[in-house]
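Here the structure is laid out as structure tokens; the discussion comes afterwards.
Bear in mind these aren't lab numbers, they're just calculated from the coordinates by the rules spelled out. Keep in mind that this is a model prediction, so the values were computed, not measured. Neighbour counts are summed over all protein chains in view; Cβ atoms, including those assigned to glycine, are modelled from backbone coordinates with ideal geometry.
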Amino acid sequence: MASIKLSRLKPYLRWVILGGTIFFIASAIHQNWQEVAAIRITTTGYFKLAIALVVTLLAHIWSGWVWSWILRELNQPAPGLWSIRVYLTTNLAKYLPGNVWHFYGRVIAAKNAGFSVAAATLSVLLEPLLMAAAALAIALITGTQTSGLMQFLCLAVVLIAIHPRFLNPLLQLASRLKKKPQSAQAVQAQPIQDQAVQIQDPIQIRRYPILPLLGEAGFVALRGLGFLLTLSALSPIAPTQIPLIFSAFSLAWMLGLVIPGAPGGIGVFEATAIALLNSEISTGTIIGGVALYRMISILAEVVGAGLAGVKTR
């Protein structure tokens, strides 16, 4: 009964989140529009933006390679180049309503390549968990946010949840719930190959995914570097501000990843970054920086999808 009520409230929750973030960003722009309009980008600034684009593209390529590591942890020998191509070509689908179509595309591509559908599905479920854990860890290491205890507790929960001792029983339960009871006649009428598939053990993670976790940390760090370069293109950044920027970026990006109703984290990332950095960096620089970084991020994904599409022809 409670699940039915939650499912009915979910569409409204998405609109509330979207409306709240749009209102917050619009209010910040309205109050600081003169400061934003006064921003001028120098030749050096454009060079930094170009580097930010390259770094962000490399981050997506790296993340595609890390996805092959996750598949290998599930005993699926996915080639690195194949996983990068699939990752890049499906990445733009995350901006579609629902924020799951990039995962669906990767599962279908894995199925067509002969990999286990169950393993592919688990890999796209593990990926955001590992990304969230990596982002929280970077935020804790590089920053001194007031919510540090809550961040630590969330990180601990995620790290425990992906341990094989806790994750595998959940996978077994999900596998049993997915199976429908069949009569003996129906089972006998099935081909021998289908019966063999049904009696196979469910996909399980064999060991703690420490290597994919470190890989996702590299992905978040590269994304943070791209964001830092974007901000520095608009205004000088003091060395003492760099850890705070990485911490704020990691938290903002993580919230954009996990909060529903924000395809690609649009709105949530921008609002969170503005709120976290507003006391340390001028509001005009932050607003201009998050807007430019969103454009750079999307452009990097478009270029990546284009390069992967050309490569597969």
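With a 10 Å Cβ neighbour count serving as the proxy for reagent exposure, in which order, fewest first, do 286, 141 appear? If you can, show how the numbers build up before the last one.
Values: 286 27, 141 12.
Listing 286, 141 from fewest to most nearby Cβ atoms yields 141, 286.
When both region 126-145 and region 222-296 are represented by their alpha-carbon centers, they are found 15 Å apart.
Here the peptides 209-216, 152-159 are ranked by packing, the mean other Cβ count within 10 Å, and the order with the highest first is 209-216, 152-159.
Over region 31-131, what is the relative contact order in whole percent, taking alpha-carbon pairs under 8 Å and six or more residues apart?
Numbers: 74 pairs, mean separation 20.7, N = 101.
Worked out over region 31-131, it gives 20 percent.
Peptides 41-50, 116-125 ordered by packing proxy, namely the average of other Cβ atoms within 10 Å per residue, highest first: 116-125, 41-50. Kirkwood radius and radius of gyration were both taken over the C-alpha atoms of region 76-131, and their ratio Rg/Rh is 0.94.
Here r is the Cβ-Cβ distance between residue 81 and residue 279 and R0 is 51 Å; the resulting FRET efficiency, rounded to 0.05, is 0.70.
Find out how many positive minus negative residues lie around residue 230, taking Lys and Arg as positive, Asp and Glu as negative, among other residues whose Cβ is under 14 Å from that of residue 230. Each step should come with its number before you reach the end.
Details: positive: 48, 223, 294; negative: 270.
Within the 14 Å Cβ shell, the charges total +2.
At a Förster distance of 45 Å, what's the computed FRET efficiency of residue 163 paired with residue 95, Cβ-Cβ distance as r, to 0.05?
Working: r = 32 Å, r/R0 = 0.72.
Using R0 = 45 Å, I get an efficiency of 0.90.
On the basis of the beta-carbon distance and an R0 of 22 Å, residue 240 and residue 214 show a calculated FRET efficiency of 0.25.
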